[in-house]
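Quick notes on the structure that follows.
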Amino acid sequence: MLNFYPGPSKIYPEVRTFMTDAFDEGILDAPHRGEQFVQMTRTVVGLLKRRLNIPQDYYIFFTSSATECWEVIIQSLTTRKSSHIYNGAFGEKWFEYAKKLRPNAEGVKFDLNEPMPVEALNISSDTELICFTQNETSNGTRVSATSILNLHNRYRDTLIAVDATSSMAGINLKMIKADIWFGSVQKNFGLPPGLGVLVCSPRAIFRAKQIAEKAHYNSLVSMYEKMLNHQTTHTPNTLNIYLLKRVLEERPFIKTLEQHLTDRALDLYTFFEQFSDFKLLVENEEVRSKTVIAVQGSERLIDEAKKKALHHGIRLGNGYGAWARNTFRIANFPAILDEEYEELKRFFLHYFA
Ligand SMILES: *Cc1c(COP(=O)(O)O)cnc(C)c1O
């Protein structure tokens, strides 16, 4: 089965051996306060920083998912309100979670084909945290490095949190330009689900300590205190942390990966432009995602394409949220091989050209 689903997505085939190795090395039932676990976590944190270009002084934490990160960030870094800038289902969900925790949370919605409207923002002066989604998996849009830089320059005194779940470990994110970044491993990392990676600037930790919220098992201050000793607040997903280590050890530097994904995305966009019955959901090239490609068509045709593909051993991603029925999505993640995209293209040329 060729898997182009944007999460859970294709797993690196090497993971099969790595799982056996984990068993044989005895890490899976090692105590999570013991030396073997601590060593492993220290190594993974170092690898993440080197391979993903994370600033040396930033902190790394493990959660169970990106969804958990949404919650931890709001609980531990706001007391009154956060402001959410979004154009799709994931950004909106984060905003919905925030409103349940802090009813004063504010949201600004922008159009799918527009860049994030940094100049036009009118964020309340008492906002404690600005939140946006760097790669909106539901509709295949992205926020460019320039927009992030402009946001950073305009709101220098406010913490900025970025959901990078479907771009982290695929795109070279300039982490220095925001305070909080997070993602989960079942997207660009090419691993099975069940582990989130949360990255925080020293300034974010300073703020968390000021607020000193400790009402939850994964309150940021508690996570920080445990991570000083390379430990977690609870018994974590040891297997996935181990797999993360093994996968990162063999990975090229993020700049190389990004270039490859950029070229491949461009190729896929050009490819799908040639069909008369399909249309790219995102018309503005500037805001098209490099890691998730959304293709639009009539509901009947989209349904037919997905079914026929499945029949030929190809799993396309369903549409999501407002675009559930009239789009399919294709992940452009590092674990998927160029040959697999060639097979995907042959399938579409054969049945839909
Ligand atoms: C997949 C995804 C999530 C949710 O990730 P989980 O690990 O399932 O919690 C959140 N945000 C974005 C942008 C995503 O792509």
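Please treat every number below as a calculation from the coordinates, not as lab data. Just so we're clear, the structure is a prediction, and the values are computed from it rather than from any experiment. Please note: Cβ atoms are built from the backbone with ideal geometry, for glycine as well, and neighbour counts cover all protein chains shown.
Remarks
- Taking label positions 7 Å along the Cα-Cβ direction at both Arg315 and Leu266, the computed distance is 3.1 nm, reported to one decimal.
- The mean sequence separation of alpha-carbon pairs under 8 Å and at least six residues apart, normalised by the residue count of the chain, gives a relative contact order of 25 percent.
- Pairwise Cα inverse-distance average, inverted: Kirkwood Rh of the chain (Å): 20.9 Å
- One decimal place: the segment His350-Arg325 gains 6.7 nm when fully extended, by the rule 0.36 nm per residue minus the C-alpha distance.
- The gain in end-to-end length when the Ala145 to Tyr217 segment is fully stretched comes to 22.5 nm, 0.36 nm per residue minus the alpha carbon separation.
- Approximate spin-label separation Glu286-Arg42, in nm, with each point projected 7 Å along Cα-to-Cβ: 4.8 nm
- Gain upon complete extension [Asn104, Ile123; 0.36 nm per residue less C-alpha separation]: 5.6 nm
- Each principal axis of the range 44-172 carries a Cα extent, and these read 38, 32, 28 Å when sorted largest first.
- Near the amide H of Arg315, within less than 5 Å, lie the amide hydrogens of Leu2, Asn3, Phe4, all on another chain or at least 5 residues away, with H placed in the peptide plane.
- Computed on the range 56-199, with alpha-carbon pairs under 8 angstrom and 6+ residues apart, the relative contact order is 27 percent.
- Antiparallel %, DSSP beta bridges [both residues in the chain], to 5: 55 percent
- Computed from the C-beta positions of Asp277 and Asn153, the FRET efficiency with R₀ = 45 Å rounds to 0.55.
- Pairs beyond 23 Å (Cα-Cα), from Lys187/Lys214; Lys81/Lys174; Lys49/Lys187; Lys245/Lys290; Lys10/Lys279: Lys187/Lys214; Lys81/Lys174; Lys245/Lys290; Lys10/Lys279
- Label-to-label distance, nm, for residues given as Arg16 and Asn229 (7 Å Cα→Cβ offset): 4.0 nm
- Cross-link partners for Lys109 among the lysines, with Cα-Cα distance under 16 Å and sequence neighbours closer than 8 places in the same chain left out: Lys93, Lys99.
- Each part reduced to its alpha carbon centroid, the range 286-353 and the range 27-53 end up 36 Å apart.
- Under 5 Å from the amide H of Val292 lie the amide H atoms of Asn332, each residue being 5 or more positions distant or on a separate chain, with H modelled from the backbone and absent for Pro and chain starts.
- Global form of the range 101-167, assessed from the alpha-carbon gyration tensor, a/c cut-off 1.5: prolate
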